[in-house]
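The values are calculated or read from the model by the stated rules, or taken from the named source; none is laboratory data. The structure displayed is predicted, hence computed values, not measured ones. Here the Cβ positions follow ideal geometry from the backbone for every residue, glycine too, while neighbour counts run over all protein chains shown. Areas reflect the complete protein model, heavy atoms only, side chains present, ligands, DNA and RNA absent. Shrake-Rupley method; radii C 1.70, N 1.55, O 1.52, S 1.80 Å.
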Amino acid sequence: MAEKFDLNDREVWDGNYAASQALRQAQVDVVAAYPITPSTPIVENYGAYVANGYIDGEYVMVESEHAAMSGCVGASAAGGRVATATSSQGFALMVEVLYQASGMRLPIVLNVVNRALASPLNVRGDHADMYLGRDSGWIQIDAFNAQEAYDLALCAFKIGEDHSVRLPVMVHQDGFITSHTAQNVYPLTDEAAYNFIGDFQPVDDLLDFSRPVTYGAQTEEDWHFEHKAKQHKALMDSRPVIDEVFAEFEKLTGRKYNRVESYMMEDADVVIVGLGTTVETAVVAAEELREEGIKAGVVGIRVFRPFPFDQVREALKGAKSIAVMDRSSPGGAMGAFFNEVSAALYTTDTRPLVTNYIYGLGGRDFSIDEAKRIFKEQQANADAGHITTDIQQFSGLRGPHLGYFQTQRG
Amino acid sequence: MAITSIKNLKEFSTNNDRFEGAHTLCPGCAHSMIVRELMNCTDDNLVISSNTGCLEVSTAVYPFTSWDTSWIHIGFENAATAVTGAEAMHKARKKKGTLKDNDAPVKFVAFGGDGSTYDIGFQWLSGAVERGHDFTYICLDNENYANTGGQRSSATPIGATTSTAQAGTHSYGKKEKKKDLVAIMAAHGAPYVAQLAPNKWKSMAKGFQKALETEGPCFINTVSPCTTEWRFDPKDTILLTDLATDTLMFPLYEIIDGHELNILYRPKNVLKVEDYLGAQGRYKHLFKPENRHVIDQIQKNINEYWEMLQRREEARI
Ligand SMILES: Cc1ncc(C[n+]2csc(CCOP(=O)(O)OP(=O)(O)O)c2C)c(N)n1
Ligand code: SF4
């Protein structure tokens with residue numbers, strides 16, 4: 001039996017600590033881990049909880065992130081609750097195994113504290129690692145602050161382990177901005193949190209010798225396509241389960257989560273679509289601009305995979321001009337996030353104007369003023385009825401303006 | 001539990017059919033013999049992981065499987081870590097009491113080819129052994145990347161021709177010495193390390209049993225003649241293995257706790273290495289006069305290594 005851990009109704013936690021408390025309350029059986037800034041404290045704390053009897057689990061400090069995820073795969077296939085954390089280069093090193101975990105339908109929870117990818121080496125946050133994971137077959141949920149890092153980590157276990165889902169889940173938070181900033185967090189009691197998630201119910205368990213199982217078989221053109229189609233279907237079919245888990249969580253806590261979060265969108269003309277902490281910054285900017293008579297709104301993507309195509313389309317259909325914010329270098333194309341949001345919008349009848357902002361790379365601050373400037377550019381587009389700037393531009397960059405793909409200027 | 005009756009080959013080879021004959025390994029491939037010898041030496045429940053390679057691609061082609069026990073494959077390099085993850089979960093679930101039969105003995109085994117063990121998976125193996133998990137790693141050492149068509153690995157011996165270390169008018173094939181992985185694993189302080197061969201099936205079964213019964217990480221290198229890449233007749237697998245052990249190209253020995261070395265087989269008549277080299281296609285070019293020095297070098301290396309093993313055995317340190 002695990003030792004009792006004293007918790008107050010309100011705690012002051014940073015995002016890393018919040019995520020680690022979720023691992024403790026979920027009583028994760030195995031964490032196989034390798035440290036990387038800024039996610040390190042999550043797995044360190046798990047180790048400390050094990051060392052002090054707060055968790056009955058196994059803490060396996062492996063020799064790399066590739067091994068961390070490999071250990072998680074073996075542990076998860078052996079039928080128990082498994083989690084780990086990583087960022088950036090560690091995430092990149094895990095990529096091969098991320099596909100292997102999702103292909104085997106193993107409900108591992110990975111706390112990803114987003115950080116830039118080298119080179120140049122940079123420990124600060126952007127979303128390059130998040131995009132690297134986007135085709136790996138994992139559910140990806142984005143937390144905008146420490147409270148959400150905690151809440152959504154609890155939800156992640158319940159979603160991934162649901163027998164109709166059985167998929168691995170990443171919970172993202174912004175490196176340093178969320179992970180290292182202390183905020184008020186309202187935790188559940190241990191009992192309430194554990195009851196919410198429930199006991200782990202193994203399926204196709206390597207340690208059940210009454211029914212031997214083969215994991216990770218080989219398929220070629222005869223079956224591979226069918227397996228991948230089924231995996232995609234499982235991801236798509238997880239959408240109602242995610243909604244149900246969020247609804248149940250709301251009943252328990254009063255905190256409501258949606259796959260797409262909309263702020264002031266009822267009558268918004270100009271919109272910022274973003275991820276992570278950017279959403280909160282944009283909301284403050286929009287509120288201030290509303291006082292100046294600009295009908296600004298914000299859309300935050302909470303569940304990045306499966307991509308909430310329908311909700312994005314629905315949320316944005318009344319908007320006139322939209323800025324899609326990519327916190328990752330596009331590498332010779334439009335931003336990946338821009339492409340996805342645009343695809344959703346292209347299928348609407350109203351088809352609003354859309355521009356792509358590349359911003360905040362390597363931890364560059366994204367300020368309220370910058371958000372306001374972007375809203376005002378969108379207002380200019382809306383007024384003109386066409387895009388007045390570049391379709392893609394770098395925002396907050398020192399030196400000459402970088403913009404690409406001009407439209408005709410009216 | 002170890003199977004005690006390993007005196008009668010027929011009895012031994014049929015006592016525990018957990019690896020089906022239906023697989024797509026080449027006829028004469030020693031991989032399957034080694035797997036069977038492992039499966040037949042114990043009644044305990046087995047969780048087995050395999051690295052990518054011939055064994056893996058030939059035994060679990062969906063919707064079929066040759067494995068009548070728990071089996072997992074993830075990648076080319078990480079079978080050691082996957083099985084140690086399962087071992088950690090076993091510990092955690094034992095503590096919590098969430099296993100179906102909490103007390104049934106379970107053994108954790110990883111298989112890798114020499115490529116995945118000596119090269120790409122070396123880091124994962126080293127890490128898993130350093131962490132002291134209770135598992136046995138078995139390397140199926142056919143001295144090449146057979147599954148991708150016979151490239152050199154760091155287990156390929158001097159003088160062999162491979163698809164990436166070719167013998168030609170200006171080359172006698174692989175120039176570098178085989179990595180001494182057994183010594184490296186012993187240096188990790190693993191409680192049991194051995195080099196075994198499927199022709200000496202009694203000593204192989206005993207070695208496997210020791211590894212399974214020893215608590216902590218054990219490493220076993222097994223000679224696995226590959227009819228396709230070594231180029232010999234599939235019916236001659238055991239003959240080739242006999243030549244390998246009788247020329248001392250593959251000396252059989254164990255190392256306990258990183259230092260106590262025991263030789264497991266002393267050939268009555270030690271054969272010349274030519275007998276072994278001449279029985280397979282990959283060394284054919286060495287018999288040209290200009291390559292004589294390579295054969296001499298191989299023989300010299302064998303003699304020196306055998307001398308070293310004997311001295312270490314005598315020294316008991
Ligand atoms: C990361 C990665 N690199 C390369 C490969 C391609 N590959 C698959 S099996 C193999 C060689 C296997 O050789 P070995 O481990 O010696 O086993 P054998 O097939 O000889 O039994 C290679 C190179 C792979 N699957 N994964
Ligand atoms: S190529 Fe060699 S190792 Fe692979 S199945 Fe054939 S004989 Fe066995």
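About the centre of its Cα atoms, the protein assembly as shown shows a dipole size close to 1680 debye [charges on the beta carbon of Lys, Arg (+1) and Asp, Glu (-1) only; nearest 20 debye]. Residues of the range A:239-262 falling in the label zone of A:Y186, defined by backbone nitrogen less than 12 Å from a point 7 Å along Cα to beta-carbon, are A:250-256.
Could you give me D for the range A:260-406, from Stokes-Einstein at 25 °C and 0.890 mPa s, where the hydrodynamic radius is the Kirkwood radius over C-alpha pairs? Units µm² s⁻¹, please. Display every interim value, and only then the final one.
Details: Rh = 14.9 Å.
D = 165 µm²/s.
Summing Lys and Arg as +1 and Asp and Glu as -1 over all other residues whose Cβ lies under 15 Å from the Cβ of B:S171 gives a net charge of +4. Straight-distance candidates among the aspartates and glutamates for linking to B:K7, with alpha-carbon spacing under 14 Å and chain neighbours fewer than 8 residues away dropped: B:E37. Distances between every pair of Cα atoms in the range A:213-344, grouped in 10 Å steps from 0 to the bin holding the largest one, split as 11, 32, 31, 17, 7, 2, 0 percent. The dipole here belongs to the range A:104-260: it is taken about the Cα centre, uses +1 on the Cβ of Lys and Arg and -1 on the Cβ of Asp and Glu, and is about 360 debye.
Over chain B, Cα pairs under 8 Å with separation of 6+ residues give a relative contact order of 16 percent. With a threshold of 24 Å on the Cα-Cα distance, the over-threshold entries among B:K175/B:K300; B:K177/B:K202; B:K174/B:K288; A:K251/B:K100; B:K175/B:K235 are B:K177/B:K202; A:K251/B:K100; B:K175/B:K235.
Ranked by accessible surface with a 1.4 Å probe, highest first, in what order do A:D326, A:D204 come? Provide the component values of the computation, followed by the final result.
On the way: A:D326 0, A:D204 45 Å².
Most to least solvent-accessible, the answer reads A:D204, A:D326.
Which value at 222 nm does chain B reach when only helices count, each DSSP H run of 4 or more adding -39,500 (n - 2.57), with the total divided by all residues and rounded to the nearest 500 deg cm²/dmol? Spell out each step's value before the answer.
Values: 10 runs with 109 residues, N = 317.
The per-residue figure over chain B is -10500 deg cm²/dmol.
In the distance distribution for the range A:158-265, Cα-Cα pairs more than 20 Å apart total 62 percent.
Accessible surface comparison of B:I48, A:I391, probe 1.4 Å, protein chains only, largest first: the order is A:I391, B:I48.
Cross-link reach is defined here as a Cα-Cα straight distance under 29 Å, omitting same-chain residues fewer than 8 places apart; for A:K317 the lysines meeting it are A:K233, A:K256, A:K295, A:K372, A:K376. The helix-based estimate of mean residue ellipticity at 222 nm for chain A, built from -39,500 (n - 2.57) per DSSP H run of four or more residues and divided by its residue count, is -12500 deg cm²/dmol to the nearest 500. Only Cα pairs under 8 Å and 6+ residues apart enter the sum, and on that basis the relative contact order of the range A:11-253 stands at 24 percent.
Give the calculated FRET efficiency between A:D383 and A:E248 to the nearest 0.05, with a Förster radius of 51 Å applied to their Cβ-Cβ distance. Efficiency for this residue pair is about 0.70. From largest to smallest, the equivalent ellipsoid semi-axes obtained for chain A from the alpha-carbon gyration tensor read 37, 23, 20 Å.
Against the main long axis of the alpha-carbon atoms of chain A, helix A:368-384 sits at an angle near 50°.
Each DSSP beta bridge with both residues in the protein assembly as shown is either parallel or antiparallel, and the antiparallel ones are about 25%.
Please state the equivalent ellipsoid semi-axes for the range A:107-181: what are the square roots of 5 times the Cα gyration tensor eigenvalues, largest first, in whole Å?
They are 23, 15, 7 Å, listed largest first.
If you wrap the tightest convex hull around every Cα atom of the range A:13-54 and split its volume per residue, you get 60 Å³. With all protein chains kept in place, the per residue accessible area of the protein assembly as shown amounts to 39 square angstrom at a probe of 1.4 angstrom. When restricted to Cα atoms, the range B:128-287 yields an Rg and a Dmax of 16.2, 51 Å, respectively. Here the contact order of chain A, divided by its residue count and restricted to Cα pairs under 8 Å and six or more residues apart, works out to 15 percent. Beta-bridge orientation, chain A: approximately 25 percent antiparallel, per DSSP, counting only bridges with both partners inside.
Projecting label points 7 angstrom from Cα along Cα→Cβ for B:H188 and B:K7 puts them 3.6 nm apart.
Accessible area, 1.4 Å probe, largest first: how do A:E250, B:E130 sort?
Working: A:E250 65, B:E130 135 Å².
Heavy-atom accessible area, descending, gives B:E130, A:E250.
Rounded to the nearest 10 Å², what accessible area does A:R105 have for a 1.4 Å probe in the complete protein model? Its heavy atoms expose roughly 60 Å² to the probe.
The alpha carbon radius of gyration of the range B:54-213, expressed as a multiple of 2.2 N^0.38 Å, is 1.17.
Within the full protein context, the accessible area of A:L98 is estimated at about 0 Å² for a probe radius of 1.4 Å.
Where does the charge balance sit around B:I6 when Lys and Arg score +1, Asp and Glu -1, over other residues with C-beta under 11 Å from its C-beta? Once positives and negatives cancel, what remains is +1.
With q set to 0.05, 0.07 Å⁻¹, the log10 of I(q)/I(0) for the protein assembly as shown, from the Debye formula over equal scatterers at the Cα positions, is -0.31, -0.57. Each other residue within a Cβ distance under 11 Å of A:N114 adds +1 if Lys or Arg and -1 if Asp or Glu, for a net charge of -1. The solvent-accessible area of B:Y62, taken with every protein chain present and a 1.4 Å probe, is close to 80 Å².
Model label points for B:E176 and B:N303, set 7 angstrom from Cα along the Cα-to-Cβ axis, are 2.7 nm apart. Put simply, the convex hull of the Cα atoms in the range A:349-410 casts, on average, a shadow of 5.1 nm².
Put a plus charge on the Cβ of each Lys and Arg, a minus charge on the Cβ of each Asp and Glu, and nothing anywhere else: the dipole of the range A:260-406 about its Cα centre is then about 420 debye. Counting only aspartates and glutamates at least 8 places from B:K96 when in the same chain, those with an alpha carbon closer than 18 Å to its own are A:E3, A:D29, A:D56, A:E58, A:D190, A:E191, A:D199, A:D205, A:D208, B:E87. Against chain A, whose longest principal axis comes from its Cα atoms, helix A:277-291 is set at around 30 degrees. The coefficient of translational diffusion for the range A:11-253, derived via Stokes-Einstein from the alpha carbon Kirkwood radius under 10 °C and 1.306 mPa s, stands at 89 µm²/s. Taken along its principal axes, the alpha carbon cloud of the range B:9-315 reaches lengths of 68, 49, 38 Å, longest axis first.
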